[in-house]
Amino acid sequence: MARRSDEPNPEEGKVLSPEELDIADDEHVTEIDEGRYVVSSDVRTNDSYGNQVSSDSASEPSTEPDPEPSTPEFSDANVHEWLAEQMADSNARYGFDVTAKFDGDVDQQQLASNDIVTVFESFMLWYGRQMDGSTPVEEVLGILLSESNVPVRYPPAVIKQLVRSTQLTPDDSIADLLQAVEDADGAEF
């Protein structure tokens, strides 16, 4: 017996209507932006205010239409809390996420790492590069540190490295050291 072309074929599966394809009303789905959704594999999801709800606490289905979904409120506190959660969820031991304004331009930088020196160095280099494109970063950082009210303590090994870089001997004076550093147009150590 031949099948008519308008009869559904069970091997092809059920044909879904556009309403059945709409995932917005599913309890496992939260719309985060127009056309962007978070789908939970759990029975829990977030309501339109970002509060976690579960199917146990959900109210019984209503015959009234759902109210117009509201957009989550973005505030400084919400954004800072979200950024803090993202950083806390990172597997890295150290990190930063910063937004800064430099002469009217806004720039953002984020880094997470298990190496504290890498994190600090990356932050300092990024910040130094934002100051002045014509001045070398190491000079910018030196100026910022010397002009700040934060005293910097240099480990003795760093001072020894500076002295060795000048080719001076123990017989030379501190004035000779200062002159050698000045002649080198600053000290990189």
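The values are calculated or read from the model by the stated rules, or taken from the named source; none is laboratory data. Since this is a predicted model, take the numbers as computed values, not measurements. Cβ placement follows ideal geometry from the backbone for every residue including glycine, while neighbour counts extend to all protein chains displayed. SASA here: full protein model, heavy atoms, side chains in, ligands and nucleic acids out. Shrake-Rupley method; radii C 1.70, N 1.55, O 1.52, S 1.80 Å.
General remarks:
- In the context of the full protein assembly, ILE174 retains an accessible surface of approximately 130 Å², using a probe radius of 1.4 Å and ignoring ligands and nucleic acids.
- Ranking LEU83, LEU162, LEU178 by solvent-accessible area of protein heavy atoms (1.4 Å probe, all protein chains present), from largest to smallest, gives LEU178, LEU83, LEU162.
- Extending 7 Å from Cα along the Cβ direction at SER148 and again at ASP89 yields two label points whose distance is 3.1 nm.
- GLN110 versus LYS160: modelled label distance in nm, points set 7 Å from Cα along the beta carbon direction: 4.2 nm
- In the context of the full protein assembly, VAL106 retains an accessible surface of approximately 100 Å², using a probe radius of 1.4 Å and ignoring ligands and nucleic acids.
- Summed residue charge, Cβ within 14 Å of ASP115's Cβ, Lys/Arg positive, Asp/Glu negative: 0
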